[in-house]
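Right, one structure below, let's go through it.
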Amino acid sequence: MASLSNSSLLRFVSRNERRGDRFKEVLTANLGCFASSPSLPGFRFSLEANRCPARGFWARVPRASAEAAAVVEDKGEWGLEEKNGVKGRPLRVGIVCGGPSAERGISLNSARSVLDHIQGEDLHVTCYYIDFDFNAYAVSSAQLYSNTPADFDFKLESLAHAFSSLTEFAEHLSISVDIVFPVIHGRFGEDGGIQELLEKANVPFVGTPSAECRQAFDKYNASVELKKKGFVTVPSFLIQGNHADKSELAKWFDRHLLDRDSGKVVVKPTRAGSSIGVSVAYGVDDSLLKAIDIISEGIDDKVLIEVFLEGGCEFTAIVIDVGTDSQCDPVSLLPTEVELCSKNDVNEDTLFSYRRKYLPTQQVAYHTPPRFPIDIIEHIRQGAALLFKSFKLRDYARIDGWFLPSPVKLFSSSVNNCEFGNTKSGTIIFSDINLISGMEQTSFMFQQASKVGFSHSNILRTIIHRACLRFPSLRTHGKAWSMLYQRLKSAKHMDDVPKRKVFVIFGGETSERQVSLMSGTNVWLNLQAFDDLDVLPCMLAPADGYASANHLDIYQVSSSNVVWTLPYSLVLRHTTEEVFAACLEAIEPNRAMLTSQLSKHVMAELLEGLSKQDWFTGFDIIEETPQKLTLEQWIMHAKEAQATIFIALHGGIGEDGTLQSLLETARVPYTGPGQMASNTCMDKVSTSLALAQSKIWEYLQYPRS
């Protein structure tokens, strides 16, 4: 059986497993100059060695190997007493990422996010990677943060522990972890591949079993099954391998009233995710050409051609199972409407492409809940939960679909002529089942969960707890984990540590504002892991939106500068423009009232199931309304709150000393260099002159004209 020796373990153990520590160290160091400030009486950070439980209970010690952990457990050295015959101990979770599909990059991002939000003193995480050729590796958490799949693969040989085969890898998992959390997207992750490997080795895992994955992942098979179960489906034509019958496709075009030369259709692989390979085609010849391209590029050997849904609105809904043991009780969270915004070209194909899903763009906007009639939102939620149960999905999934406000006559009747999706307000069509939803920091999973009271950590841990209940072999371990979690949580509340307010500011008007948003989001999420910090995310923005800021001087404080204080869910966006638009939508009275009403309804449904679980400790996010302040008002607000400012602005007033000067005048502590140093370092010429005048003889100045 495969195992990791102590030397192997030391080689890939992270040098700093908790990135959150770094943020806090920076914050602490930058407060040194304010130590005697009257605005900070008695201020201190509680830097405990083993506990920081807001996002879990984290340990500053290297993770033990599976064998070492087993020895410790056998010797009773977890330091916890037995209760009702059960001894508290951490749950051992193995995250498996990578895979052979083009979605490996998304898988790595998902793995980082899951790792960030679940690891703790009560939950020990080890990381594994499967490459394009199905080779399996044990990797360190530090290695997981390599920027790209290419960077990651480059370091495998020197930093990772390789397994000789997938069978050896599965055997290792069977003795080293209690449960596996697969985050492989696409092939081998959602098609039942990794699940079948784990099932054969009797390794418990999060998510849907292999047979059900195979059926749901194949878009054609899923569509056929949906129709059998009474759901409205989109008319489609299947092309397999090199068997493309042009005459049959032409007849299909005729049957659905599509022009053979210009009829608009969607061409996509049947077994791929993240919109990879999806395109719009016009007419029979173009459709066949694009289908053959998908096959020749090796994306898939089965291609689906579907009628293009003109006038449709795309949506997506996360479903989680809150049942007990083997009883499935799926609840859909608040769905998200995906609005595609074509900029100039009226002929632009409006598809929710890979770029629009994962990269900063101004061509997409998200609305949670959707701007649909209330009865349609409820029908979507009911349909998603029904689909989840009908396909025998487990733990969680993401269901995508379309809402067509106008009646559509293209759709044929199902066998029983009683279709789910036909409503008075329009037609609902479920089109894609995502068995392992993306779990990047700003993904739909966390956007929707935060609207109904779940933080990143809480929703992920809820999913893991639910998965443990399905495996009889894990019930004892699950109880032991729950006991440890509750003990640590009780100890946390006994400490009564005073909270220090921290305002994290990001955004701005420079070309670096999207990077600033990512930086600020990471800082905010990491600092939330500390019990003694109360962290508020804030975005600097032009008062009238980014369209009005094109000609402003980004290095001047203007009356047009405002700061939005943001609720949890509104930070989870790809661009500052999206955040700004979401703020405006959130403060619209009718919209705010509807969101609150629907959120309470979903939370009540969730509680009906979760309240039966002794491990569920409640929701941990309160959705609030964003507040808009002038920059001056925001600084005074920080002063009154005795807050420390974490500056995550890039360029502009955040780096040239302007903001630093304003904060110093108001005697508000902040991170980073002071006003003079910021002003000098922002100007490359000034920096060069300052270095030239310094007495650092070792410095070799590059000649400048």
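The values are calculated or read from the model by the stated rules, or taken from the named source; none is laboratory data. Computed from a predicted structure; not experimentally measured. Heads up, the Cβs are rebuilt from the backbone with ideal geometry, glycines too, and the neighbour counts pull from every protein chain shown. Keep in mind that these areas ignore ligands, DNA and RNA; they rest on the heavy atoms of the full protein, side chains included. Shrake-Rupley method; radii C 1.70, N 1.55, O 1.52, S 1.80 Å.
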Solvent exposure ordering (accessible area, 1.4 Å, most first) of D285, D131: D285, D131
Cα-derived Rg over Rh, computed across the range 433-547 with Rh taken as Kirkwood radius: 1.07
Separation of the E157 and T630 label points, Cα + 7 Å toward Cβ, nm: 6.2
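Per residue, how much accessible surface does the range 236-311 expose to a 1.4 Å probe? Answer in Å², no decimals. Show your work: numbers first, answer last.
Numbers: 3540 Å² over 76 residues.
Averaged over the residues of the range 236-311, the accessible area is 47 Å².
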Of all accessible heavy-atom area on the range 414-548, the percent that carbon and sulfur account for (1.4 Å): 52
Exposure of H456 as accessible area (Å², to 10), given a probe of 1.4 Å and all protein chains: 0
C-alpha center-to-center spacing [the range 662-695, the range 150-198] in angstrom: 48
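Kirkwood hydrodynamic radius, the range 209-260, all distinct C-alpha pairs: what's the number in Å? Walk me through the numbers on the way to the answer.
On the way: mean 1/r = 0.0781 Å⁻¹.
Taking every pair of different Cα atoms in the range 209-260, averaging 1/r and inverting gives 12.8 Å.
How about the range 562-668: which trypsin sites (Lys or Arg not before Pro) there are in a DSSP loop, with at most 15 other Cβ atoms within 10 Å of their Cβ?
On the way: sites: R573, R591, K600, K612, K628, K639, R667; in loops: R573, K612, R667.
When the trypsin sites (Lys or Arg not before Pro) of the range 562-668 are filtered for loop state and at most 15 Cβ neighbours within 10 Å, K612, R667 remain.
Kindly sort I622, I464 by accessible area of their heavy atoms, largest first, with the probe set to 1.4 Å.
Working: I622 135, I464 0 Å².
In descending accessible area the options line up as I622, I464.
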Residue order for Y282, Y128 - accessible surface, 1.4 angstrom probe, largest first: Y282, Y128
Dimensions in Å of the range 198-330 - Rg and Dmax from alpha carbons: 17.6, 54
E632 - accessible surface, heavy atoms, 1.4 Å probe, Å² rounded to 10: 100
Accessible-area value, C127, 1.4 Å probe, nucleic acids and ligands omitted, Å²: 10
For the range 287-334, size of Cβ-based charge dipole, Lys and Arg +1, Asp and Glu -1, in debye: 120
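Loop-only check: which chymotrypsin sites (Phe, Trp or Tyr not before Pro) in the range 426-459 are DSSP coil with at most 12 other Cβ within 10 angstrom? The partial results should precede the final answer.
Numbers: sites: F430, F444, F446, F454; in loops: F454.
Passing sites in the range 426-459 do not exist.
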Inter-part distance where the range 364-407 and the range 93-122 are each reduced to a Cα centre, Å: 26
